[in-house]
Amino acid sequence: MKTLILLAVGSAIVNNVVLSQFLGICPFLGVSKKTETAAGMGGAVIFVITISSFVTALIYKFILTPLDIQYLKTIVYILVIAALVQFVEMFLKKSMPALYQSLGVYLPLITTNCAVLGVALTNVTKEYNILESVVNGFATAVGFFIAITIMAGIREKIEYNDIPKPFQGTAIVLITACLMSIAFMGFSGMI
Amino acid sequence: MNKNVERLYNGIVKENPTFVLMLGMCPTLAVTTAAINGLGMGLSTTVVLILSNMLISAFRKVIPNGVRMPAYIVIVASLVTIVEFFMKAYTPSLASALGVYIPLIVVNCIILGRAESYASKNPVVPSIFDGIGMGLGFTVGLTSIGIVREILGAGQLFGHQILSLDWFTPITIFVMAPGAFLVLAFLVAGMNIIRKKMDEKGKPLASPSGCLTGDCASCSQSSMCTGKKEAE
């Protein structure tokens, strides 16, 4: 249990997926203009990464390893993730319309998000078992949620500031990301 | 100008993926801690890009339109797996430095972007040159960002100490995660100035089309994506 908690804190905060591993930069910059949309995106990422970590861990253990074709993992994972996102979208639409209302529009955006594939591959590299994979996936996605929500909050305030012309738009967002990244480095003493 | 040479010029200068189009930002931020890593990442992406452009262009009349994206992804993922094996066998230290970012070449938007916008519509030879041009442009971009970060962050160039530590105090933050964001922020700001100057001269640069614009319309994966309008 203790190792799992340490693993979760490590993936969520210390090695934050956006701010120190640079995965999922696209939605982090693209969908962080408003807090509500950012939170929606974050929620969808948590949902998808947790499920995909579980499914890819199962596939690795029960299909790829027995057949001795672990080297095909990149191809298998990307296809599984793409199919999974479509499937989850259809399932939610049919059986949980309320949840679909809040997450639905973000789901297709995540299909080729590098964070999803990155987490699945990291689980293999670090030799996590199925439970650890799910915990790592969930915690990584929570880290994404934290980062994108904070960023959206800051961006809503930045709108009203007087920024030098060349830095308006993406550049000031990257400077903000830089400062957030420095702040998150402070957590590295925790583990 | 010869069409093939034009493709090379287009990829390296006119539509440089890093500086002008601002594509593939995840690897750009992640692997440019040292010039050699940027070079290695750039070259491996180049190899994948050339081969994927070649194969996709060769099969462009066979692949049905409805399943073209999954087909491209399978082609690219197979090539990336092959490149990853070669790197693990011949350049193990580089392979471990780049780590998970090698398999992540699969989701690099440059590759699917070129497949979708060039290789799927053009014959094999120009597609190969397009791949070479775009790949080298990406390599130049990654290597130069890597050089800046390595010099400021460690006083080194390709691992050799060029600024003596007697008088130079390395600004270590530049080789760490925040430095990546900072360098890219100044790059974007600098490009904004150049872009404005070129507009005034009447020779506008190609507009950025990557994630940095925050605009889904220009995303290479937009054809797989159905939620882009509502999300903005």
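Every read-out reported here was derived from the displayed coordinates using simple, explicitly stated rules and does not represent laboratory data. The structure presented is a predicted model; accordingly, all values stated were derived computationally and were not measured. No Cβ is skipped: glycine too gets one built from the backbone with ideal geometry, and neighbour counts run over all protein chains shown.
Quick notes on this structure:
- Angle between chain B longest axis and helix B:35-58 axis [Cα atoms, degrees, rounded to 10]: 10
- Whole-Å distance, taken between Cα centres, linking the stretch A:126-170 and the stretch B:49-105: 28
- Cβ distances below 4.7 Å define possible disulfide partners, and in chain A the cysteines left without one are A:Cys114, A:Cys178.
- Structure-based [θ]222 nm, the protein assembly as shown - -39500 (n - 2.57) summed over DSSP H runs of at least 4, per residue, nearest 500: -20500 deg cm²/dmol
- Placing a label point 7 Å from the Cα of B:Phe168 along the Cα-to-Cβ direction, the residues of the stretch B:9-37 whose backbone N falls under 19 Å from that point are B:32-37.
- Applying the Karplus relation 6.51 cos²θ - 1.76 cosθ + 1.60 with θ = phi - 60° to the stretch A:60-71 yields 3J(HN,Hα) values of 4, 6, 9, 10, 5, 5, x, 7, 6, 10, 4, 5 Hz, where x marks Gly and Pro.
- Listed residue pairs exceeding 20 Å between alpha carbons, taken from A:Lys165/B:Lys196; B:Lys14/B:Lys61; B:Lys3/B:Lys201; A:Lys73/A:Lys126: B:Lys14/B:Lys61; B:Lys3/B:Lys201
- For peptide A:22-33, the mean count of partner chain Cβ atoms within 10 Å of a residue's Cβ comes to 6.
- Put simply, the stretch B:14-105 fits an ellipsoid with semi-axes of 25, 17, 11 Å; these come from the alpha carbon gyration tensor as the roots of five times its eigenvalues, largest first.
- Net charge contributed by nearby residues that have their C-beta within less than 11 Å of B:Ser57 (K/R +1, D/E -1): +3
- Cβ-to-Cβ counts within 10 Å put B:Thr45, A:Thr149, A:Thr140 in ascending order as A:Thr149, B:Thr45, A:Thr140, the fewest first.
- Angle between chain A longest axis and helix A:170-185 axis [Cα atoms, degrees, rounded to 10]: 60
- B:Val67, B:Val107, B:Val140 arranged by Cβ crowding within 10 Å, fewest neighbours leading: B:Val67, B:Val140, B:Val107
- Residues B:Met191, B:Met41, sorted so that the one with the fewest Cβ neighbours within 10 Å comes first: B:Met191, B:Met41
- Between 0 and 90°, nearest 10: helix A:130-158 axis offset from chain A longest Cα axis: 10
- Only the Cβ atoms of Lys and Arg (+1) and of Asp and Glu (-1) were treated as charged; on that basis the dipole of the protein assembly as shown about its Cα centre amounts to roughly 700 debye.
- Each 20 Å bin from zero up to the one holding the largest Cα-Cα distance in the protein assembly as shown carries the following percent of pairs: 26, 61, 13, 0.
- Between B:Leu157 and B:Ile162, the built amide H atoms are under 5 Å apart, and every one of these is 5 or more places off in sequence or on another chain.
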